[in-house]
Amino acid sequence: MSARPGTPSVERLFTGIGQLVTPSGPGAKRGAQQSDLQVLHDAALGVEGGRVAWLGPAAEWRGQADDEVDLGGRAVVPGLVDPHTHLVWGGDRYRDLDERLAGVPYERILARGGGIRATVRATNASDQAQLVHAALTRLDDLVASGATTVEVKSGYGASVQGELALLDAIKGVQASAAVTVVPTLLIHLPDPDERAAHLQAVRERLIPEAAARGLTKRLDVFVERSAFSLEEAEELLRTGRAHGLQLTLHADQFHALGGVDLALRMGARSVDHLEASGVEQVAALADGDTVATLLPGVSLELDLPGAPGRALVDAGVPVAVASDLNPGSSPLFATSLALALSLRVNRLRPAEALVAGTVNAAAALGLDDVGWLGVGARADLLVLPERDWRSLVHGLGGPGPFEVYAAGRRVDRGGRVAEAPA
């Protein structure tokens with residue numbers, strides 16, 4: 001976190017940083033590195049061109065700044081990275097909650113047309129303007145909770161045209177957001193009546209067109225008894241890789257069916273969920289480079305065991321945490337709350353959770369310029385209301401309100417309107 005020599009002038013200088021806390025640099029952290037944070041007291045941070053140009057003790061600053069922002073002694077951490085959300089959907093799932101509270105298992109709700117299938121119907125009945133507007137409103141909450149990079153999956157289209165329309169809607173969210181939005185093509189749900197034809201259409205039309213049009217650089221597939229088999233998922237992943245897409249996988253949510261091994265074999269950047277993972281899956285992940293992304297909101301909402309976060313970290317697996325914001329299994333509208341829940345549900349420790357929600361989450365998305373603060377990184381900052389950064393994960397839903405800066409400019413609650421250039 002040393003200052004860059006020969007930086008006499010910056011566009012904006014942040015001063016009054018009581019405590020600046022950041023992972024040491026880009027790349028997934030594992031084992032002891034997952035709790036290794038650099039802490040700088042009474043710091044200053046200079047921004048030029050949306051990136052960190054100078055960082056060090058405020059007393060050592062000797063340059064000029066066009067604009068100065070005094071943060072009043074508060075703590076600063078990197079803007080949070082939420083690597084797994086389903087931000088774009090139509091309708092609601094209120095009935096699902098009523099049924100789950102009455103004791104109906106989620107998989108039974110899905111089998112009779114509720115759950116994801118209900119959301120697919122409602123999403124396909126919504127026009128794109130409605131979908132984009134609703135998604136931006138949800139983005140409001142994620143940004144207010146500290147997120148400056150948000151992954152957004154399709155998946156509720158369930159047909160070639162439906163999925164392309166959802167990716168177009170995500171593109172609309174990107175165009176309106178001042179924060180970073182990362183689109184992912186999710187192959188979520190097979191057609192129960194025309195399964196083989198659906199899979200063929202996804203391989204031959206959907207994946208090639210989404211890649212060719214630049215709508216996404218990522219492909220995600222759901223491996224589960226109610227979704228896709230290992231063989232089907234591997235075919236889809238191989239197609240995605242042939243078209244230059246990065247790979248990720250939903251696996252081990254309800255059953256350990258071999259999705260972890262598939263993710264490792266295919267070189268997936270991340271494997272997400274893992275609520276049903278055990279000793280064998282943890283050991284396999286420890287031998288690879290795939291990031292294990294935990295979704296504690298799902299465990300809370302569906303009353304599932306928490307993914308084995310403590311065992312994963314202790315085994316040397318790089319761990320990330322995400323909100324999994326969606327209308328049914330994780331209606332969690334706060335990235336910072338997901339980190340706080342990971343302490344309680346997955347047994348992470350505060351420093352591990354911060355790494356999981358910043359640089360490791362960025363690694364899960366294939367990004368190396370967010371999730372940490374240092375010269376050359378994107379100047380995405382989360383300013384906490386207290387001097388001690390641990391306030392971020394100590395409370396459930398606090399300690400807000402946060403100040404959020406994307407590329408060095410303060411972002412409004414919605415993440416849509418940045419400041420005018422200084």
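All of the numbers you see were taken from the coordinates with simple rules; none came from a lab. As the structure is a prediction and not an experimental result, all values here were calculated from the model. Every residue, glycine as well, gets a Cβ built from its backbone with ideal geometry; the counts of neighbours run over all protein chains shown.
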May I ask for the Kirkwood hydrodynamic radius of the range 8-59, worked out over all distinct Cα pairs and given in angstroms to one decimal?
12.2
Peptide ranges 225-231, 38-44 listed from the most packed, as the mean C-beta count within 10 angstrom indicates
38-44, 225-231
Find how many whole Å separate the alpha carbon centroid of the range 314-342 from the alpha carbon centroid of the range 116-159.
17
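With an 8 Å cut-off on Cα pairs and a minimum separation of 6 or more residues, tell me the relative contact order of the range 209-270 in percent.
Values: 87 pairs, mean separation 21.6, N = 62.
After rounding, I find 35 percent.
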Compute the relative contact order of the range 257-378 as a whole-number percentage, counting only Cα pairs closer than 8 Å that sit 6 or more residues apart in sequence.
22
Express the relative contact order of the chain as a whole percentage, based on alpha carbon pairs under 8 Å and six or more residues apart in sequence.
23
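For a quick check: sort Thr137, Thr239, Thr149, Thr15 by the number of other beta carbons within 10 angstrom, fewest at the front. Present the calculation step by step, with values, prior to reporting the outcome.
Details: Thr137 12, Thr239 20, Thr149 27, Thr15 17.
Starting with the residue having the fewest Cβ neighbours, the order is Thr137, Thr15, Thr239, Thr149.
Taking 51 Å as R0, compute the FRET efficiency from the Cβ-Cβ separation of Ala32 and Asp70 and round it to 0.05. Before the final figure, lay out each step's value.
Working: r = 35 Å, r/R0 = 0.70.
Efficiency at R0 = 51 Å is approximately 0.90.
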Could you tell me, in Å, what Rg and Dmax come out for the Cα atoms of the range 297-422?
15.2, 48
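Suppose we look only past 15 Å in the calculated P(r) of the range 272-331. What percent of the Cα-Cα pairs does that tail hold?
Details: 788 of 1770 pairs.
When all Cα pairs of the range 272-331 are counted, 45 percent exceed 15 Å.
Provide the packing ranking of 61-71, 325-335, 191-201, i.e. peptides ordered by the mean count of other C-beta atoms within 10 Å per residue, highest first.
Details: 61-71: 15.5, 325-335: 23.7, 191-201: 12.6.
In descending order of packing, they fall as 325-335, 61-71, 191-201.
Provide, as a two-decimal number, the C-alpha radius of gyration of the chain over 2.2 N^0.38 Å, N being how many residues it has. Don't skip to the end; give the middle numbers.
Details: Rg = 20.9 Å, N = 422, 2.2 N^0.38 = 21.9 Å.
The reported ratio for this selection is 0.96.
Kindly state, to the nearest 0.05, the FRET efficiency for Leu230 paired with Arg310, given R0 = 25 Å and r defined as their beta-carbon distance. Write out the running numbers ahead of the final one.
On the way: r = 27 Å, r/R0 = 1.09.
So, using R0 = 25 Å, E works out to roughly 0.35.
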Expected max-MSF residue from Ala351, Ala284, Ala292 in the GNM of the chain (alpha carbon, under 10 Å) is Ala284
